[in-house]
Amino acid sequence: METISVPSAIDTRKKLKEILNTPRDCNTTLCPVKDVLHKVGDKWSVFVMMALGAEKTMRFNELKNSIYGISQKMLTVTVRDLESFGLIDRKIYPQIPPKVEYTLTGKGEEFLQHLIVLLDWACRYSKKEKSS
């Protein structure tokens, strides 16, 4: 797996100070950090984003079969949430039986680039934990 570049510690601290010093009322539901974490912070959202990032376009059952342990109901809830947040797009074809395909939006592709950094970090450190 190729290593993905991440900001330096100094750049990270600067960005965190910038974010934390921006006036926001994070006690309301409008806090952007809380909103994003609420929408994509659960394991199923991450797995859906990974599956769609790897395959580009998937039908519902393909998506369900690619994510071990997800129920049909949980997948339905997850794709609806990701669609409402603008990360995935659902295309319905007018045919019998109905055909529905899911793809990442531009916003979803951009989010996936950031998610990959976290996934890369998790894979590197889980390997070190197992070998220790």
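Each other residue within a Cβ distance under 15 Å of VAL77 adds +1 if Lys or Arg and -1 if Asp or Glu, for a net charge of +3. For the range 64-106, the square roots a ≥ b ≥ c of the C-alpha gyration tensor eigenvalues yield an a/c of 1.5 or more together with a/b not exceeding b/c, which makes the shape oblate. At full extension, LEU37 and ASN65 could sit 7.5 nm farther apart than now, given 0.36 nm per residue minus the alpha carbon distance. Taking Cβ atoms as reference points and 12 Å as the exclusive limit, the residues near LYS107 contribute a net charge of -3, counting Lys and Arg as +1 and Asp and Glu as -1. Ordering TYR125, TYR102 by the number of other Cβ atoms within 10 Å of each residue's own Cβ, fewest first, gives TYR125, TYR102.
Pairs of Cα atoms nearer than 8 Å and 6+ residues apart set the relative contact order; for the range 28-131 it is 25 percent.
Is there a pair in LYS43/LYS73; LYS39/LYS73; LYS34/LYS73 whose C-alpha atoms are over 19 Å apart, and which pairs would that be?
LYS34/LYS73
Taken together, the values in this text are just the output of simple stated rules run on the coordinates, not laboratory data. Remember, predicted model here, so these are calculated numbers, not experimental data. In this analysis, Cβ positions are derived from the backbone assuming ideal geometry, glycine residues included, and neighbour counts consider all displayed protein chains.
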